[in-house]
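**Student:** Take a look at this one; I'll ask things after.
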Amino acid sequence: MITFNQNNIKSPDSYLRNSYLRLLRGSEKNDFGYNNKKSNKMTVKEYSNGEITILWKPEKCIHAGICVKTLPQVYNPKEKPWIKVENATTVEIIDQVAKCPSSALSIKAL
């Protein structure tokens, strides 16, 4: 348990909130001395059907599973490649990608 006294200028709430915000921002060092700076390069994987390309950013994905539940014939995490764009119409894919809560999935028109 962390104890705070009158000499300590940070309250427990502000200390935790500020630590959390530093971690989210990817600040140079966290309270434990580790560098959390996020790389500017995000992995982007592309899956195309000739009309559109699905862009998937794995680092952004929160694994809500909406893609798998909505179009299981397209998204199957147990298979490689896990996205098979040819198994649904372009309109179905565009509608599903719009429901991605983390925006890890997006569309690039060809």
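The values are calculated or read from the model by the stated rules, or taken from the named source; none is laboratory data. Because the structure is a prediction, the values reported are computed rather than measured. Positions of Cβ are generated from backbone atoms using ideal geometry, with glycine treated the same way; all protein chains shown enter the neighbour counts.
**Student:** Is at least one residue of the stretch 10-30 within 16 Å of the chain's Cα centre (by Cα), modelled with pLDDT of 95 or more and surrounded by 11 or more Cβ atoms within 10 Å (Cβ to Cβ)?
**Tutor:** No, because not a single residue in the stretch 10-30 is within 16 Å of the chain's Cα centre (by Cα), modelled with pLDDT of 95 or more and surrounded by 11 or more Cβ atoms within 10 Å (Cβ to Cβ).
**Student:** Kindly list, by first and then second residue, each pair from a residue in the stretch 49-66 that is more than 17 Å from Ile94 (Cα to Cα) to a residue that is part of a strand (DSSP E or B) and of a type in the set (Lys, Arg), limited to pairs with Cβ atoms under 8 Å and residues at least 6 apart or on different chains.
**Tutor:** Pro58/Lys45
**Student:** While we're on this one: Any idea how many residues of the stretch 86-110 are surrounded by 15 or more Cβ atoms within 10 Å (Cβ to Cβ) and in contact with a Ser or Thr (Cβ under 6 Å, 6 or more places away or on another chain)?
**Tutor:** 1
**Student:** Scan the stretch 52-75 residue by residue and report those that are surrounded by 12 or more Cβ atoms within 10 Å (Cβ to Cβ), of a type outside the set (Ser, Thr, Tyr) and in contact with a helix residue (DSSP H, G or I) (Cβ under 7 Å, 6 or more places away or on another chain).
**Tutor:** Ile52, Ile54, Cys67, Leu71, Val74
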